[in-house]
Amino acid sequence: MRIAGQVTLNDLPRICPLLSRTNNPRYGDDETRPVEVRGARFGGDRPVVIAGPCAVESHEQTLAVAHAVRGAGADMLRGGAYKPRTSPHDFQGTGLEGLCILRIAREETGLPVVTEVMDTRLVEQVAEIADMLQVGSRNMQNYPLLAEVGRSGKPVLLKRGMAASLCEWLGAAEYIAKQGNLDIVLCERGIKAFPAGEYSRYVLDLSVIPAVQAHTFLPVIVDPSHATGISSMVEPASRAALEFGSDGLMIEVANFSMGEPKCDGAQAIDAETLARIVKFARAHYERQVEAERAA
Ligand code: PEP
Ligand code: MN
């Protein structure tokens, strides 16, 4: 039986001629095309750790977290100025003011910044400050937005839609690539599958990492914070992601002495835990290099 619109991984060469391994033999079976973000190199030699608050709430909160993130040894700063929230009555982020705060955090810490853009009309504004544009899970199939971030020329962090298949995810990445922008990093952030919501926020799909790597040359990282929704799970999920070959991590961090974050506090970790994860990521890489040398 043929079903309209049904696609499988066999259709990838047709859906993603710019990104599929099949159509781009120069990357061979397992080579990754590195994506450079002001010194942070995804898919390069070692995992990239992005960390920061869920939302940019204030100058004090963001700067405190940013300095803690740098102190913990992370490579990049994250923080949403524009937040996609389930309720329109909830805190929506600090918008342009938040972007200005991120600019200061970037200058003070020297860390490259990734922040989410949700609106085609704001891509230019966000791209002026961000070193990397984040397209969130809810917007993974917002095709005009994908085209616009593609045209911006900035590296893009494309989160997986929470109910997206691998084909749909790579198809979304192809919209960015079609604009001539191959600087795309994929981010697995948990999917809606049984029993999501019962004892974790989503289901962290670690199996997708080797699958992504088998089908495209784009780097792929993992967001253990949104995937689990529980701070105590973030560290083990980070380790597991690295064991599965993730090219990096994106983690939410809070400074709890400044009060409960306005969003996602239950999944935020402190700077000390982040430092342990960074240390594990570095040691994991060293072990891999050592194993390859011995082989
Ligand atoms: C985020 O990383 O800030 C975020 C909102 O995540 P997601 O789009 O994966 O829900
Ligand atoms: Mn969040």
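The values are calculated or read from the model by the stated rules, or taken from the named source; none is laboratory data. This is a predicted model, so every value here is computed, not measured. We place every Cβ from the backbone using ideal geometry, glycine too, and count neighbours over all the protein chains shown. Just so you know, the surface numbers come from the protein's heavy atoms only, side chains and all, with ligands and any DNA or RNA stripped out. Shrake-Rupley method; radii C 1.70, N 1.55, O 1.52, S 1.80 Å.
Brief remarks on what is shown
- Met162 being touching a Lys or Arg at 6+ places or on another chain (Cβ under 7 Å), within 16 Å of ligand 2 (Cβ to nearest atom), at pLDDT 95 or above and open to solvent by 10 Å² or more (accessible area, probe 1.4 Å): yes
- Scanning the range 264-271 turns up no residue that is touching a Leu at 6+ places or on another chain (Cβ under 9 Å), outside any helix (DSSP H, G or I) and open to solvent by less than 50 Å² (accessible area, probe 1.4 Å).
- Within the range 213-225, considering residues that are hydrophobic (A, V, I, L, M, F, W, C) and crowded, with 23+ Cβ neighbours inside 10 Å, the one farthest from Leu19 (Cα to Cα): Val222
- Residue pairs whose Cβ atoms lie under 7 Å apart, separated by 6 or more positions or on different chains, with the first residue in the range 176-191 and without any contact (Cβ under 8 Å) to a residue 60 or more places away in the chain and more than 16 Å from ligand 2 (Cβ to nearest atom) and the second among the charged types (D, E, K, R) and in a helix (DSSP H, G or I), are Gln179/Arg151.
- In the range 70-96, the residues that are touching a residue at least 12 places away in the same chain (Cβ under 8 Å) and of a type in the set (Ser, Thr, Tyr): Tyr82, Thr94
- When the range 209-242 is limited to residues that are in a strand (DSSP E or B) and closer than 17 Å to Arg78 by Cβ, the one that is farthest from ligand 2 (Cβ to nearest atom) turns out to be Val220.
- Of everything in the range 247-261 that is more than 10 Å from ligand 2 (Cβ to nearest atom) and open to solvent by 10 Å² or more (accessible area, probe 1.4 Å), the residue that is nearest to the chain's Cα centre (by Cα) is Asp247.
- Candidates Leu122, Leu99, Leu111 - the one that is within 16 Å of ligand 1 (Cβ to nearest atom) and either open to solvent by less than 30 Å² (accessible area, probe 1.4 Å) or more than 30 Å from Leu170 (Cβ to Cβ) (or both): Leu99
- For beta carbons closer than 6 Å, sequence separation of 6+ or different chains, a first residue in the range 125-145 that is away from ligand 2 (no atom under 16 Å from the Cβ) and a second that is open to solvent by 20 Å² or more (accessible area, probe 1.4 Å) and part of a helix (DSSP H, G or I), the qualifying pairs are Ala127/Ser152; Ile129/Arg103; Tyr143/Tyr175; Pro144/Thr120; Leu145/Thr120; Leu145/Asn139.
- Arg41 passes every criterion in (1) open to solvent by less than 70 Å² (accessible area, probe 1.4 Å); (2) outside any loop (DSSP other than H, G, I, E, B); (3) under 26 Å from Arg287 (Cα atoms); (4) not polar (S, T, N, Q) apart from (1).
- Exclusive hit being more than 16 Å from ligand 1 (Cβ to nearest atom), farther than 26 Å from Thr94 by Cβ and open to solvent by less than 40 Å² (accessible area, probe 1.4 Å), set Leu182, Leu170: Leu170
- Number of positions in the range 131-153 that are over 20 Å from Val222 (Cα atoms), open to solvent by less than 50 Å² (accessible area, probe 1.4 Å) and either among the β-branched types (Val, Ile, Thr) or in contact with a Ser or Thr (Cβ under 6 Å, 6 or more places away or on another chain) (or both): 2
- The range 1-35, residues that are within 19 Å of Ile176 (Cα to Cα), out of contact with any strand residue (DSSP E or B) (no Cβ under 8 Å at 6 or more places or on another chain) and of a type in the set (D, E, K, R): Asp11, Arg14, Arg33
- With respect to being more than 19 Å from Pro219 (Cβ to Cβ) and surrounded by 14 or more Cβ atoms within 10 Å (Cβ to Cβ), Leu19 falls outside the description.
- Checked against (1) aliphatic (A, V, I, L, M); (2) under 25 Å from Leu170 (Cα atoms); (3) in contact with an Asp or Glu (Cβ under 8 Å, 6 or more places away or on another chain), Leu63 passes all but a single condition, namely (2).
- When residues of the range 264-292 are limited to those that are of a type in the set (Lys, Arg) and over 17 Å from Val234 (Cβ atoms), the one modelled with the highest pLDDT: Arg282
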